Amino acid sequence: MNKYFAPLILFLFSAVPAFSQNIRIQIVAPKEFKGRKAILLTREKGFAAIVHSIKLNSDIFNLEIAGDLVPDLYQLHVSQVKGSLFFFLEPGSKIQLDTTDVSKSIVTNSKSNPEWKLFQDNLQKPYDQRINDYSQGEKRARKERNADSLNFWVDKQAVEKEDLVKKTGEYIADHPDSYVSLYLLKINWYAFKNDKLFERLAKSMAGHRTYKFLEEKNRKTEKSGVLGHNL
């Protein structure tokens, strides 16, 4: 069992939400994987996890999920296989499981996942690589007690983080009908709450719980802004 899977089993719980519906997905795995456990869960800082524990006894799985909670970002773990897959779970999604590294599994039959891959490949992964490089530079500077070098690497990280926020906002604005944009706006709300990005989201997503959550957040932001202006 890989080092990430065991702790998850100890702490995760599964709850069927009210007004749930069957969301059918497909996970294709070789015969030798039959009976292995898999965990599907949402992983968002500041939000309660929604967890599903399944056994790979077949390719087709019907998950009981509230209809207003999909599409959304989920994480897939499989026992005895390293890595985890972040993907947008939506009805009809098909996962071709990579048997050596779950993170390399391929997701098809999904509108949101190509959009998620676009964001990851063009923005998030290059950012992560640069931040890692700058962090290594910071560690060397601290070890050498070189103040000028330390400030250089710290400043590089700060600029990089600001640039990612800017580019994330541009992505949301350029993809107003994407559930990826809806997700990104939720997890970055405080960075964008005054940028009027919520108003640019497509009304076709208004039935999603995240949209309703952001709608309420936006209403409170506008109200506080008006009150602040009148003080």
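The values are calculated or read from the model by the stated rules, or taken from the named source; none is laboratory data. Keep in mind it's a predicted model, so treat the numbers as computed, not measured. Reconstructed Cβ throughout: ideal geometry from the backbone, glycine too, with neighbour counts over all protein chains shown.
Assorted remarks:
- The requirement of being in the same structural domain as Leu118 (by TED's automatic domain parsing), β-branched (Val, Ile, Thr) and within 22 Å of Trp116 (Cβ to Cβ) is fulfilled nowhere in the range 148-155; no residue meets it.
- Failed condition for Glu138, given (1) at pLDDT 95 or above; (2) outside the structural domain of Ser178 (by TED's automatic domain parsing); (3) acidic (Asp, Glu): (2)
- Of all residues in the range 92-112 being of a type outside the set (Asp, Glu) and farther than 14 Å from Ile27 by Cβ, the one that is surrounded by the fewest Cβ atoms within 10 Å (Cβ to Cβ): Thr100
- Restricted to helices (runs of 4 or more DSSP H) entirely inside the range 157-231, those with at least 2 residues that are in contact (Cβ under 8 Å) with a residue 40 or more places away in the chain and in the same structural domain as Phe119 (by TED's automatic domain parsing) are 179-187, 209-230.
- Extreme residue, farthest from Leu40 (Cα to Cα), among residues of the range 102-137 that are of a type outside the set (S, T, N, Q) and outside any helix (DSSP H, G or I): Lys111
- Where strands (runs of 3 or more DSSP E) fall wholly inside the range 1-60, the ranges with 1 or more residues that are at pLDDT 90 or above and in contact with a helix residue (DSSP H, G or I) (Cβ under 7 Å, 6 or more places away or on another chain) are 37-41.
- Hits in the range 65-115 (condition: touching a residue at least 24 places away in the same chain (Cβ under 8 Å), under 18 Å from Ile54 (Cβ atoms) and acidic (Asp, Glu)): Asp72, Glu90
- Here Ile131 fulfils each of the conditions (1) touching an Asp or Glu at 6+ places or on another chain (Cβ under 7 Å); (2) at pLDDT 95 or above; (3) assigned by TED's automatic domain parsing to the domain that holds Arg24 apart from (3).
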